[in-house]
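Notes for the one structure printed next.
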Amino acid sequence: MTSGFKLFFPARRAALIAAALSVAAAFPVCAQMGPPIAPDAVTPEIENKSDAFDVPFVPSHDNVLKAMFDMAKPTATDYVIDLGSGDGRIVIAAALDHGAQGFGVDLNEDLVRIANQRAGKAGVAEQARFFVRNLFDTDISRASVLTMYLLPEVVQELRPKILRELQPGSRVVSHDYHMAEWRPDEIRLVELSPDQQEAIVYFWTVPAKIAGRWEWSLSHPPYFDDERIGYSAVLQQAYQDFDGRMEITLADSRLIEPKLAGKRIFFATVGELKERMVRHDFEGVVEGDRITGTVRLSGGFPTITLPWSAQRTGAAD
Ligand SMILES: C[S@@+](CC[C@H](N)C(=O)[O-])C[C@H]1O[C@@H](n2cnc3c(N)ncnc32)[C@H](O)[C@@H]1O
């Protein structure tokens, strides 16, 4: 399955490139990351040790934070993890403005110290904690919201870890860089200030794993007689996209309008029941090897909605 998603990077403004390059003389890798907000304006005592790390310290602009939260919608029930947390602004703002809990990790111990001090001063030291840790060695399985402002190759390297460790339905936001073939669910262009370039925020929902063979049966008059009718679907998946083939009582039917949003799955098919063509609209929630939801049957007889439950019975062929 191929993705139609094309690479999309922010437009660079000439004046800002000049400004970025002058800062880059002091912080060599910053030029790749967009307009560095002078670190000494934010965190005076930090020495930028970026050369040793995968990504330099460049704090996210307030407007980027607003966009990230607008897209990921953290609440008091969410756990936010920021990979490469810098001065802690993302997790602190998530705690202060949205009541979320969470932590950030950074390799720069000065930044981690400052982030913890800032959380203390803001009165959210319990909800927003910061650790000196390599982001690649961090257990992110608790995150219902994962945030990142890293470099393209780092974001892409994190993709399998994100898909492996995060629960389906968790939200991921990334400042400026995307995850290549994993098409974002939403992209926002964020205006910074007039003298700065725009930023981009990418948003994904972690999809449930639905590849494999699924089976179920249905029975309800007037669509069915007394016997239960057997269905099967063999699904292939690439991130949130899926396709496959279906059978209704061993007769091939086409899978149409497939959609996967985190744990919620939707698809339809048309098949013959009692010599009439019947449209089936399935929707359900994927929990491990089971999908539970409803199917709406229409065409030929009065429309009805029935409970639906499917079981994964094997791998995709
Ligand atoms: C661009 S800054 C983002 C800071 C913050 N997340 C924000 O958006 O304001 C990236 C941060 O990642 C940290 N970093 C770089 N490589 C890292 C690694 N392997 N593990 C943890 N942190 C890392 C840097 O020290 C820096 O503070």
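Could you identify the single residue in 260, 306, 273 that is in contact (Cβ under 8 Å) with a residue 40 or more places away in the chain, farther than 21 Å from residue 207 by Cα and surrounded by 16 or more Cβ atoms within 10 Å (Cβ to Cβ)?
273
Return the residues of the range 68-111 that are in contact (Cβ under 8 Å) with a residue 60 or more places away in the chain, within 12 Å of the ligand (Cβ to nearest atom) and closer than 24 Å to residue 167 by Cβ; say none if nothing qualifies.
Answer for the range 68-111, where residues must be in contact (Cβ under 8 Å) with a residue 60 or more places away in the chain, within 12 Å of the ligand (Cβ to nearest atom) and closer than 24 Å to residue 167 by Cβ: 68, 80, 81, 82, 83, 84.
Scanning the range 115-159 for residues that are charged (D, E, K, R) and within 22 Å of the chain's Cα centre (by Cα), which turns out nearest to residue 84 (Cα to Cα)? Can you show your working first?
Residues of the range 115-159 charged (D, E, K, R): 118, 121, 126, 129, 133, 137, 139, 142, 153, 157, 159.
This time we only want the ones that are within 22 Å of the chain's Cα centre (by Cα), so: 137, 139, 142, 153, 157, 159.
On the way: 137: 12, 139: 13, 142: 16, 153: 14, 157: 14, 159: 15 Å.
By that ranking, first place goes to 137.
For the range 185-205, which residues satisfy the criterion of being within 18 Å of the chain's Cα centre (by Cα) and either acidic (Asp, Glu) or part of a loop (DSSP other than H, G, I, E, B) (or both)?
185, 186
Pull out all pairs, ordered by first then second residue, where Cβ-Cβ is under 7 Å, the residues are six or more apart or on different chains, the first lies in the range 161-188 and is modelled with pLDDT under 95, and the second is within 15 Å of the ligand (Cβ to nearest atom) and among the acidic types (Asp, Glu).
As it stands, the answer is none, since no pair meets every condition given.
Identify all residues within the range 208-223 that are surrounded by fewer than 18 Cβ atoms within 10 Å (Cβ to Cβ) and touching a residue at least 40 places away in the same chain (Cβ under 8 Å); write none if there are none.
209, 211, 213, 215, 220, 222, listed by residue number.
The values are calculated or read from the model by the stated rules, or taken from the named source; none is laboratory data. Please read all numbers here as calculations on a predicted model, not as lab measurements. As a convention, Cβ positions derive from the backbone with ideal geometry for all residues, glycine included, and neighbour counts pool all protein chains shown.
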